[in-house]
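None of the figures in this text is laboratory data; all of them are computed from the coordinates on show. Please read these numbers as outputs of a predicted model, since none were measured by experiment. When we count neighbours, we look across all protein chains shown, and the Cβ atoms used for this are built from the backbone with ideal geometry, even at glycine.
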Amino acid sequence: GNSVTQMEGPVTLSEEAFLTINCTYTATGYPSLFWYVQYPGEGLQLLLKATKADDKGSNKGFEATYRKETTSFHLEKGSVQVSDSAVYFCALRTPSGTYKYIFGTGTRLKVLA
Amino acid sequence: DGGITQSPKYLFRKEGQNVTLSCEQNLNHDAMYWYRQDPGQGLRLIYYSQIVNDFQKGDIAEGYSVSREKKESFPLTVTSAQKNPTAFYLCASSILLARRNSSYEQYFGPGTRLTVT
């Protein structure tokens, strides 16, 4: 079946450190891939997306590349800020059938000043 | 501005009472979804609807019910049969089929935190 696996948190970094949050997926066909961010007490906001192999999604300094060969969509940022502290979710949209969205369990990021 | 609204933001109920959570969208999206989120957990799908007057059970539908009488509205009722209803509930919507200049991401509402005592 379809699934998303992302690294467990919490991830604690100092300000200006490099961030990587790993995400791998299992799906038939070519799913669309997403990263969402959730701040405390709020809903999820789309951070970036990619719809086909080798696409790179980017937003607010965050990047992720759709790697079909490794079934991965790792989130990276070169220099994190305290304001990036949040929970990050990797997700895929199943490419056919019922068009459901599968989410990873979320990775909490804490950035220290 | 287009978006999804959920109300209320906080809801308190006594055990044994049914409660209905509101979700409205003005994005003209075909599909709508309800998720449950428990502390430190990911999202679990309760119900989803791809068209008016039709909806499907998700992974944890027991103790919940929904309706989809209008495209823009997808209310969720938490019934007294739900054994552990205290949670954060998120509503989302998306397009169903790709159109020019659109993509498949889900848009989320701000959530409703339900506490049952």
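B:H29 passes all but one of (1) surrounded by 13 or more Cβ atoms within 10 Å (Cβ to Cβ); (2) at the interface with chain A (Cβ under 10 Å from one of its Cβ atoms); (3) more than 27 Å from A:E8 (Cβ to Cβ); which number fails?
For B:H29, the failing item is (2).
Restricting to the range A:72-113, give me the number of residues that are away from chain B (no Cβ under 14 Å), of a type outside the set (A, V, I, L, M, F, W, C) and crowded, with 17+ Cβ neighbours inside 10 Å.
Within the range A:72-113, residues that are away from chain B (no Cβ under 14 Å), of a type outside the set (A, V, I, L, M, F, W, C) and crowded, with 17+ Cβ neighbours inside 10 Å number 5.
Restricting attention to the range B:33-56, which residues are exposed (fewer than 15 other Cβ atoms within 10 Å of the Cβ), farther than 30 Å from A:G9 by Cβ and within 13 Å of another protein chain (Cβ to nearest Cβ)?
Once the filter is applied, which keeps residues that are exposed (fewer than 15 other Cβ atoms within 10 Å of the Cβ), farther than 30 Å from A:G9 by Cβ and within 13 Å of another protein chain (Cβ to nearest Cβ), the range B:33-56 yields B:I51, B:D54, B:Q56.
Can you tell me which residue within the range B:34-89, out of those that are part of a strand (DSSP E or B) and of a type in the set (V, I, T), is farthest from the chain's Cα centre (by Cα)?
Looking at the filtered set, the residue picked out is B:I51.
For A:Q45, which of the numbered conditions (1) facing chain B (nearest Cβ under 10 Å); (2) surrounded by 17 or more Cβ atoms within 10 Å (Cβ to Cβ) fails to hold?
The number of the failed condition is (2).
Go through the range A:2-34 and count every residue that is among the small types (G, A, S), farther than 17 Å from B:L43 by Cα and surrounded by fewer than 18 Cβ atoms within 10 Å (Cβ to Cβ).
Matching residues across the range A:2-34 total 3.
If B:Y10 passes every condition in (1) aromatic (F, W, Y); (2) surrounded by 13 or more Cβ atoms within 10 Å (Cβ to Cβ); (3) in contact with a Ser or Thr (Cβ under 9 Å, 6 or more places away or on another chain); (4) under 30 Å from A:L109 (Cβ atoms) but one, which one does it miss?
Condition not satisfied by B:Y10: (2).
Which condition number in (1) touching a residue at least 24 places away in the same chain (Cβ under 8 Å); (2) facing chain A (nearest Cβ under 10 Å); (3) surrounded by 15 or more Cβ atoms within 10 Å (Cβ to Cβ); (4) on the phi < 0 side of the Ramachandran plot is the one that B:L96 fails?
(3)
Out of all the residues in the range A:19-28, is one or more on the phi > 0 side of the Ramachandran plot and either in a strand (DSSP E or B) or more than 10 Å from chain B (Cβ to nearest Cβ) (or both)?
no
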